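Contents: one structure, followed by commentary.
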Amino acid sequence: MTEVLRLENLAKSYGQAQVLKDINLTVRKGETVCVIGASGSGKSTLLRCVNFLGYPTGGRIFLEGKLVGREVIDRSGRTEMRYREAELCAVRAHVGMVFQQFNLFPHMTAEENVMIGPVKIRGLSKAEAKARAAEHLQRVGILEKAGAYPGQLSGGQQQRVAIARALAMEPSIMLFDEATSALDPELVGEVLLAMRKLAQEGTTMLVVTHELGFAYNVAHRVIFLHEGTIHEEGTPEEVLVNPKKPRTQDFLRGVTTFRMPEPRIAPA
Amino acid sequence: MSYAWDFNFLWALGPLLLGGLINTGKLWAIAFSSGLAIGLAFGIMRTVPSRILRGIGMVYVEAIRNTPGLILLIWFYYALPILVGVQSSAWLAACVALSLYTGAYSAEIYRAGIASVEAGQWEAARAIGLSYAHQMRYIVLPQAVMRMIPAFGNRAIELAKATTLASTLAFGELLFTAKVIAEDQFRPLETFTAVSVIFTAVLLPLSYACIWLERRVARSGGIVRD
Ligand SMILES: Nc1ncnc2c1ncn2[C@@H]1O[C@H](COP(=O)(O)OP(=O)(O)O)[C@@H](O)[C@H]1O
Ligand SMILES: [Mg+2]
């Protein structure tokens with residue numbers, strides 16, 4: 001299958017602190033890759049590098065096979081990447097991002113939130129953008145709230161609008177940064193279901209999550225990030241059920257300290 | 001002491017006073033609208049990544065805000081013409097000085113308003129692929145401006161009061177007109193009392209409108225929906 005995203009030796013440091021080191025990762029079309037790891041392991045930094053909300057300090061990023069930025073050789077003979085803001089705007093328009101805090105635009109209705117990108121960037125007419133917004137709000141099951149302002153929506157509804165906003169740009173890949181971590185527990189399900197639906201429809205997704213059940217059931221591949229490196233990766237079965245590395249085992253032990261039988265209720 | 005108040009002569013001179021009030025209004029309108037525009041440019045300048053632009057913005061704001069308004073007017077009327085060799089009119093000098101004066105204070109209002117928009121809003125706008133100008137225009141400013149409205153209301157009131165400084169350049173606004181009348185009629189008490197009543201009558205409703213707006217904006221968490 002064709003690759004959508006490839007990271008080669010990606011690195012990122014803030015001053016002296018090296019947050020990401022030597023990340024190599026390929027995401028193919030239609031694939032859902034889940035990233036798990038402890039707080040501070042660099043998960044958000046990884047996603048932010050992919051759509052250049054933060055600039056990588058090393059390595060290369062290929063989007064749809066095309067290198068982002070330009071390689072130059074500096075005085076000491078090392079190769080360095082140079083990025084132009086106009087190119088990065090185009091890259092961001094092809095990479096959808098969903099934030100933990102939703103970050104909907106509060107002065108716009110749900111529909112306007114979804115329309116702004118297609119109108120201002122893709123050059124769609126108001127009518128075309130309205131139709132496209134309806135299509136994507138429908139996909140995440142929130143079309144009936146098209147006219148509502150974010151302040152009038154629950155967290156789960158807001159996050160689904162935020163997903164529609166990203167989808168409406170028809171990106172090559174969708175990034176989710178702990179999309180359900182800010183939600184009340186009873187609202188987590190509706191967002192995860194919407195995300196699973198997208199995955200089943202063949203959306204290419206890179207998902208940072210603490211919802212191991214989602215990762216197990218939906219991901220094609222799971223990556224365990226530890227201190228800024230890919231420490232272990234494989235199928236959900238390999239990483240989540242039969243982890244080989246002690247660090248992965250420690251992490252999973254920590255997040256599954258208490259267990260219970262499956263509730264005897266029909267699943268959603 | 002018994003002073004015999006007599007306002008009757010003022011009725012006859014009403015059209016004269018009205019003419020002064022209209023000039024005050026014109027000066028206010030020009031200085032306020034251009035002050036808002038100047039303020040927008042310099043306010044944005046103070047928030048951009050470029051240090052040079054931020055520096056220029058800061059110099060302008062601090063230089064104007066730390067100069068008494070009266071000196072600005074006098075400078076543009078008496079001093080600038082020496083530099084450029086063209087005599088300025090009182091009207092032009094007052095317009096320029098008060099626009100720059102309002103511009104500096106407005107720049108601060110814009111800057112604070114823009115800074116009050118959470119980083120997540122910028123990021124979400126950036127993540128869609130919007131350019132910096134579009135992020136500012138469609139996402140940040142609309143939210144910031146709502147929060148700025150009360151402050152701009154106060155600016156409008158301050159400026160209305162500051163227009164009286166133009167009387168020192170013999171520009172025929174309300175206060176200067178009143179001075180002429182007072183001297184002509186030997187009735188300064190009545191004339192200047194009338195001027196303060198007129199100012200209060202015009203500005204008091206504006207003050208209350210500001211307070212009302214402030215409450216409304218605060219109640220809606222900074223977002224006014226209709
Ligand atoms: N802007 C920043 N400046 C300095 N350090 C940062 C910055 N952003 C993140 N970090 C550091 O990078 C590390 C990884 O952060 P992050 O990617 O947010 O982790 P995660 O999302 O896995 O919790 C943390 O140690 C954090 O303190
Ligand atoms: Mg994070």
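The values are calculated or read from the model by the stated rules, or taken from the named source; none is laboratory data. All of these numbers come straight from a predicted model, not from anything done at the bench. Cβ atoms come from the backbone with ideal geometry, glycine included; neighbour counts cover every protein chain shown. Only protein heavy atoms, including side chains, enter the accessible area calculation; ligands, DNA and RNA are left aside. Shrake-Rupley method; radii C 1.70, N 1.55, O 1.52, S 1.80 Å.
Overview of values
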item: Shape call, chain A: gyration tensor on alpha carbons, a/c limit 1.5; result: oblate
item: Close Lys-Lys pairs in chain A, where close means Cα under 27 Å and separation is 8 or more or interchain; result: 26
item: Using a Förster distance of 41 Å, the FRET efficiency for A:Glu135-A:Leu67 (Cβ separation, nearest 0.05); result: 0.80
item: Span from the the range B:125-162 Cα centroid across to the the range A:198-248 one, whole angstrom; result: 43
item: Gaussian network model of chain A, Cα within-10 Å springs - most flexible of A:Ala110, A:Ala168, A:Ala127; result: A:Ala127
item: Solvent-accessible area per residue, Å², over the protein assembly as shown with all protein chains present [probe radius 1.4 Å]; result: 49
item: Nitroxide proxy distance, nm - points 7 Å out along Cα→Cβ at B:Tyr132 and A:Ala86; result: 1.5
item: Accessible area (Å², 1.4 Å probe, nearest 10) - B:Leu204; result: 90
item: Between 0 and 90°, nearest 10: helix B:51-65 axis offset from chain B longest Cα axis; result: 20
item: Solvent-accessible area buried by pairing B with A, both sides, nearest 100 square angstrom, 1.4 angstrom probe; result: 1900
item: Sulfur and carbon atoms: percent of accessible area, the protein assembly as shown [1.4 Å]; result: 59
item: At least 40 Å² of accessible area lost relative to the chain alone, listed for the range A:34-67 with a 1.4 Å probe; result: A:Leu53
item: DSSP H segments from chain A that extend 24 Å or more along their own axis, Cα-based, with Kyte-Doolittle mean of -1.0 or above; result: none
item: Chain B: angle of helix B:90-115 to the longest principal axis, Cα-based, in degrees nearest 10; result: 30
item: In range of the label at A:Ser154: residues from the range A:226-268 whose backbone nitrogen is under 15 Å from the point 7 Å along Cα→Cβ; result: A:268
item: Shielded residues, the range B:110-128 - accessible-area loss of 40 Å² or more between chain alone and all protein chains, probe 1.4 Å; result: B:Gln121, B:Glu123, B:Ala124, B:Arg126, B:Ala127, B:Ile128
item: Chain B - mean residue ellipticity at 222 nm from DSSP helices (-39,500 (n - 2.57) per run, n ≥ 4, rounded to 500); result: -24500 deg cm²/dmol
item: Listed residues A:Val161, A:Val208, A:Val119, most fluctuating in chain A (Gaussian network, C-alpha, under 10 Å); result: A:Val119
item: Approximate spin-label separation A:Arg264-A:Glu8, in nm, with each point projected 7 Å along Cα-to-Cβ; result: 5.8
item: Cα-based reach from B:Lys26 at 16 Å (exclusive), listing aspartates and glutamates while leaving out same-chain residues under 8 positions away; result: B:Glu158, B:Glu173
item: For the range B:134-151, residues shielded by at least 50 square angstrom of accessible area compared with the chain on its own, probe 1.4 Å; result: B:Tyr138
item: Whether chain B is rounded, prolate or oblate, judged on the alpha carbon gyration tensor where a/c under 1.5 counts as rounded; result: oblate
item: Two-site FRET efficiency, A:Gln16 against A:His210, from Cβ-Cβ distance with R₀ of 41 Å, rounded to 0.05; result: 0.90
item: Filtered GluC sites (Glu not before Pro), the range A:153-241: DSSP coil and at most 13 other beta carbons within 10 Å; result: A:Glu201
item: Value of [θ]222 nm, deg cm²/dmol, for chain A, DSSP H segments ≥ 4, -39500 (n - 2.57) each, nearest 500; result: -10000 deg cm²/dmol
item: Stretch in chain A that is longest and holds no trypsin sites (Lys or Arg not before Pro) that DSSP places in a loop and that have at most 14 other beta carbons within 10 Å; result: A:85-243
item: Rounded FRET efficiency, nearest 0.05, which uses the C-beta distance separating B:Leu189 from B:Ile82 and R0 of 56 Å; result: 0.90
item: Degrees separating the helix B:119-128 axis from the principal Cα axis of chain B, which is the longest one; result: 60
